[in-house]
Amino acid sequence: MRPSGGYDWITLFGRTICLVSFLLVCLSCAGRGISIRPHPGVEALTLPELATSDIIQVQYLGTGGYLIQRGRHGLLTAPLYSNPGVWRVGLGNISPDTALINRVHPRIPGVKIAAVLVGHAHYDHLLDVPYIAAHYTREAIIYGSMSVSRLVIAADPSLKSKVRVLEAELARNRQPGDWIYVADSTIRFMAVESDHGPHFLGIHMMKGEVPPGLKQIPKSAWYWREGRTFAYLIDLLGVDGSIDFRIHYQDATSHYPLGAPPRFASQDTHRLDLAIICVDTWDQVPDYPEALFRNHRPRHVIFGHWENFFRSPLKSPWTRFSSLRLRQFIPSVVDALPADSKWVIPEPGAVYLFRPVQP
Ligand SMILES: [Zn+2]
């Protein structure tokens, strides 16, 4: 089905030009081998340990996907496992690989997932979300933009009551927005107005809003239009409501201060304990993510969305291209981190454990 409204410019010729240009850029970068290897991560905690633990567990699921858990509560940021290949994305049809999702999505019996946070509506952040929501996180609410909502409902109308549009609650212009409390008020989060940098050579693809009235999910990746882009600030709270651990999450590059945490009154001020950063296309946005690091001084950084998401997650994420890109990225950004900050490049599936630090 061809969604209506404003998409006529996306011709087969235009898609082919973009795809060929993209592949040429990749080939020009795919040079010599690698030296950077990831931190191996740690073993995931078992449920009894989790239930009694003060520890915060963060698992990288690949692309923009993370599972954040504490005790019996958790939330997801939008995972992608299907990873359709570059030709299917550029010129063919895409759909969730449900067998693969069933195989690799983490099973977490006893842990209640309260929310699925979606930063924007491109297929690499949303394609698998409706299936996961319908089969694995039935109790969770999917949070995101109007475009996210339209695509999720088109994919599965039974999720209509499970999607919440956050555009009125956004933090904007460094001013706080509304906190959303979930998980028996042990977790809260705030969506922050952000933007989305170009993809390559300054070209920004799949922009604009998904039109209203979408009746079927688009088969072509070109119609998974971006919508508004949000970052999220996520607080894990103590029993007295105090902030134990603060996470900044963004699933796209942004032009600072867009996407950055707002300025808070003193009771809501807290240093970032963890910044989750999108590596992909970092070089298309000046001073990204250094401006965030200089101004918000995260204690820990996870550099995600670095691997080739046109390739099955069952294969090694380490390709020549992704390795070379990391070798360019890391030296250019880590100098902006404070001296006490630790950073990691996670392999999909890696788990990291954090303990709240007393201020
Ligand atoms: Zn995107």
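The values are calculated or read from the model by the stated rules, or taken from the named source; none is laboratory data. Because the structure is predicted, anything quoted here is derived from the model rather than measured. Cβ sites come from the backbone with ideal geometry, for glycine too, and all protein chains shown count toward neighbours. These accessible areas exclude ligands, DNA and RNA; they are computed on the full protein's heavy atoms, side chains included. Shrake-Rupley method; radii C 1.70, N 1.55, O 1.52, S 1.80 Å.
In this Cβ point-charge picture (+1 for Lys and Arg, -1 for Asp and Glu), the chain has a dipole of about 700 debye about its Cα centre. Nonpolar atom fraction for the chain, defined as the carbon and sulfur part of the 1.4 Å probe accessible area, stands at 55 percent.
Working ranking of peptides 125-138, 170-183, 65-78 by packing, defined as the average number of other Cβ atoms within 10 Å per residue, highest first, is 65-78, 125-138, 170-183. Summing charges over neighbours of F245, with a neighbour being any other residue whose Cβ is under 13 Å away from its Cβ, gives +2 when K and R count +1 and D and E count -1.
Using the Karplus relation 6.51 cos²θ - 1.76 cosθ + 1.60 with θ = phi - 60°, the per-residue 3J(HN,Hα) values for region 343-354 come to 10, 8, 10, x, 7, x, x, 5, 10, 10, 10, 10 Hz, with x marking Gly and Pro.
Classified by the C-alpha gyration tensor, region 278-359 has an oblate form. Its axis ratio a/c, with a ≥ b ≥ c, is 1.5 or above, and a/b does not exceed b/c. Mind jotting down the distance between the C-alpha centroids of region 281-359 and region 237-264, whole Å? Here the two parts' Cα centres lie 17 Å apart. Helical runs assigned H by DSSP (4 residues or longer) give the chain a calculated mean residue ellipticity at 222 nm of -6000 deg cm²/dmol, each run adding -39500 (n - 2.57) before division by the residue total. Cross-link partners of K315 among lysines, defined as those whose alpha carbon lies under 27 angstrom from its own and excluding same-chain residues fewer than eight positions apart: K219.
Please compute the per residue accessible area over region 12-354 with all protein chains in place, 1.4 Å probe, rounded to a whole number of Å². With the other protein chains kept in place, region 12-354 gives 40 Å² per residue. Expressed as a whole number of Å, what is the distance separating the alpha-carbon centroids of region 42-90 and region 149-197? Computed from Cα coordinates, the inter-centre distance equals 19 Å.
Length available on full extension from R320 to R174: 0.36 nm per residue minus the Cα-Cα distance, which gives 48.7 nm. Per residue, the Cα convex hull of the chain amounts to 131 Å³. Full extension of the segment from A265 to D156, taken as 0.36 nm per residue of separation minus the current Cα-Cα distance, would add 35.2 nm. Across region 34-177, the convex hull enclosing all Cα atoms gives 172 Å³ per residue. What the Cβ-Cβ distance of L45 and R297 gives, at R0 = 35 Å and to the nearest 0.05, is a FRET efficiency of 0.80.
In this label model, S332 and D184 are separated by 4.6 nm, measuring between points 7 Å along each Cα→Cβ vector.
Peptides 290-297, 226-233, ordered by how many other C-beta atoms sit within 10 Å of their residues on average, highest first, read 226-233, 290-297.
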